[in-house]
Each structure stands twice: as structure tokens, then as C-alpha cells.
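A short write-up of the structure that comes next.
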């Protein structure tokens, strides 16, 4: 356990150093549109970073660093969770399902979520968790989620009414019944990637789609 704590501390220190370099860059560009001024702000510890600057930095770093930063303290967690609207977990190769279950209840303001996989990891209960918390979601990528069933579509239909773009290419377990149910509730859906789905599903979708 001590080894794990030390490793986490080293990760956070590395994250802090990375954020500090970006904070300096943001401060240098403070005069430009959208920049953040750092005049009068002395940053030596995590808690010293103002929320406005933190969110500016978060927009510049990779998603893995964003997730790590959200675990630093309650103030950072609240600021990042409320300010983050775009997230990709495609870099997660082995534990995406567990990560989604952990993050979805926190990042409730997400509008874009990319869960593209090289090997199938996501299961229905992860998508159900997303639908239960991320009601502002507009763009969702579930491509190559071979383990998902129509239960995921039913959950999205009820929990994510603002969906306008959905990538379910390679999700071969989805049926025409499940998709028709989704269309009934997600009226804003305009872009749909169905590559790799069964021909019966594609034919039924072509008939039922009104967009």
C-alpha cells in the first residue's frame, strides 16, 4: 500500500509540474483573446491555482491528465467536473468499463464522450450509468462495443434526449427494435454511424428514420 501511495504522489507531482508549465504559458499569453492573466498570482502548490486558470489549463492537456487532476482535491474535482464538456477514454486499453462507471457520476456536464475501443470492454451497465448522469450528452462514440445489447439503447433513449450524433459502428448485438426505440425518444439525432451492423438492422433503420 505504501508503494501505491508513493506512486500516486509521484504521478501527482508530475501532473503538477506539467500544469505549471502550461500555467506559465497561459500567463504569458494573457493579453490574447481567451487568455488568462496571472498578474499578482503566485503558484507554489496545488491549491494556489485559481479555478479560471485551472479550467484554461485543463483545456490544453490530454484527457488522462484531466482525470488525474480531478482527483487532487475536492475544489479541483468540483471545478473540473462542472466545467468539463468533452472527454475521450479511447486511450484506456484494459479497464474502460470500470473507468466509465467511476467517472460518469462525476462528469455530469459532458456533451461529447468518445469511448472508441480496439477490443470490446464496455458493458451495458456502463452505458446505463452514462445515461443516468450525463443528460446533456450530444455526441457519443461507442464504436466496436461488441458486448453492448439493446439495453444500452433503451438507457440512452431515456437518459440522453439531446443526442445529435451517435457512432455505434461495429455494435453487432444491436437490433432494429432497439434502434427504433432510440429514434422514438432521441428526436435530435442527426448523424448516425451504423457501419458493420446486420443488413436487417440497416434496412429497418432506413425505413424508420425520419431525419
Eigenvalues of the alpha-carbon gyration tensor of the stretch 49-104, times 5 and square-rooted, give semi-axes in Å, largest first, of 20, 12, 9
With a Förster distance of 30 angstrom and the Cβ-Cβ distance between residue 125 and residue 85, calculated FRET efficiency to the nearest 0.05 equals 0.80
Rg from C-alpha atoms of the stretch 85-211, normalised by the globular rule of thumb 2.2 N^0.38 Å, equals 0.96
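Throughout, read-outs are computed from the coordinates displayed, never taken from laboratory work. Keep in mind that what you see is a predicted model, and the values were worked out from it rather than measured. Because the Cβ atoms are built from the backbone with ideal geometry, glycine has one as well, and the counts that use them run over all protein chains shown.
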